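One structure is given here, and the rest of the page talks about it.
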Amino acid sequence: MTTKMAINAKDIFRNQHRLIRFIEQSIRLCSNQSLKTAQQQHQKSNATADFEISASVNTEYTHAPEPIKHDKDLGQQFKASQLAVRLATPQQLQPKPDNDEELGFGKLFTDHMLKIYYHRSLGGWQRPEITPLENLVMHPAAKVLHYAVELFEGMKAYRGVDGKIRIFRPDMNMARMNLAAQRSGLPTFEGKEFVKCLARLLSIDSEWVPHTEAASLYIRPTLIGIDPTLGVASSDSALLYSILSPVGSYFKTGSNGAVSLLADPRYTRAWPGGVGNRKMGSNYAPTINVQKEAAARGLQQVLWLYGEDHQLTEVGTMNIFMFYVNDQGEQELITPPLNGLILPGITRDSILSMTRQWGKFKVREGVITMSMVTELLNQGRLLELFGTGTACVVSPVNRINYMGQDLYIPTMEQEKPVHELIRETLTDIQYGKVDHPWSVVID
């Protein structure tokens, strides 16, 4: 009898995450409005809107990422069917936030992590494993510590109005991550298999996904070279892992929700032939001191310029969009092209696809210079300027400090701002208010 009770207790402990998830979803569905009601309200409010949010994607306006080509000597690939799980003990569980509405960014982490090792000497990728969140142990000569042989991605999991958890266009993140791996001399992998492993991790730590649209669960896939040898060369050993963090707002903004920028042409984030279009840590460390300078001037972020004509490239860690009236008197949305200087953002691509499909104003990719910005401002033709990215979704800009002069952008003064419509459309998809193929449900 005692043995039987011990076995049952062990089973309950192993499956505690499923029980907790079931109870939370039941409470959530009982206490909140149903998905059907939310969708009906959304449709009603959208009936008089300028744009109709489509639940379909026109292939004319969106592009699927190209399949990655692996090196012939890469070795074996890992499969999600090989995934092993080691759950955290009660002593290893992390403290949860008291209030989802007041979360910061990247300060708290969930109970578990995903780890997948690569060793060329052992035939390639090893068996994926979910473990309790724990410190990494590596040799002091590991290449990541000396030559920044590493890269990462930024994704989010959202709890929808129906209680289901969704992730947004994960295939795009996996394609971008593999391209960065190729550039870094790190092993590539099958993105679909990694997403399946992430889905299992999210299922186990599902209680950490915030029950509010003001927050989400940030997913940080990371790939590092751990070969214990000095010398600038490809790493024969690597670690692909992911941690999860419940997050709120990424940027500090002004009282009206907009950010102010420092645009100083003395500083350059990326250059032709470099890796400004890859999500590597080496792109971000050199920006920290410039960000401190912006903060010292009472500004929130840095507007990165390039070239003698002071081209706008990125805002902080975001892509940038400008909405204005062009020379033909037409409203136009423009963003810098993918010329190697900027990150090919998933949010950026989504906005281009959506707005082109709307067909309500011109949409194009093109070079934006500071002289263009100042001229449009002087002529009253610059309507909105905003940054976009996974962490912030859409971040409006209301002031740029450039060459010792403050340029005030009327982004927040528009009666029906385009950036707000874009934000609402994207978040409606991400939180399940609109059924859309970009939003992938985690079972």
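The values are calculated or read from the model by the stated rules, or taken from the named source; none is laboratory data. Computed from a predicted model, the values in this text were never measured in an experiment. Positions of Cβ are backbone-derived with ideal geometry, glycine not excepted, and every protein chain shown enters the neighbour counts. Only protein heavy atoms, including side chains, enter the accessible area calculation; ligands, DNA and RNA are left aside. Shrake-Rupley method; radii C 1.70, N 1.55, O 1.52, S 1.80 Å.
The set of residues in segment 145-164 that are under 16 Å from the mean Cα position of the chain (by Cα) and part of a strand (DSSP E or B) comprises Leu151, Phe152, Met155, Lys156, Ala157, Tyr158, Arg159. Taken over segment 178-195, the criterion of being part of a loop (DSSP other than H, G, I, E, B) and either buried (at least 19 other Cβ atoms within 10 Å of the Cβ) or outside the structural domain of Thr222 (by the TED database) (or both) is satisfied by Leu186, Pro187, Thr188, Phe189. Filtered by the rule that a residue be touching a residue at least 24 places away in the same chain (Cβ under 8 Å) and surrounded by fewer than 21 Cβ atoms within 10 Å (Cβ to Cβ), segment 353-362 gives Ser353, Arg356, Gln357, Trp358, Lys360, Phe361, Lys362. One residue stands out among those in segment 259-286 that are out of contact with any helix residue (DSSP H, G or I) (no Cβ under 8 Å at 6 or more places or on another chain) and open to solvent by less than 30 Å² (accessible area, probe 1.4 Å): the one that is nearest to Asn401 (Cα to Cα), which is Ser260. Applying the criterion of being under 20 Å from Asn398 (Cβ atoms) and open to solvent by 20 Å² or more (accessible area, probe 1.4 Å) to the residues of segment 287-309, the residue that is nearest to the chain's Cα centre (by Cα) is Gln301.
Elements of the type strands (runs of 3 or more DSSP E) sitting completely within segment 219-320 and holding at least 1 residues that are under 16 Å from Ile368 (Cα atoms), touching a strand residue (DSSP E or B) at 6+ places or on another chain (Cβ under 9 Å) and of a type in the set (Phe, Trp, Tyr): these cover 301-306. Checking segment 373-395 against the condition returns no match, with no residue being part of a helix (DSSP H, G or I), under 24 Å from the mean Cα position of the chain (by Cα), assigned by the TED database to the domain that holds Leu341 and touching a residue at least 12 places away in the same chain (Cβ under 8 Å).
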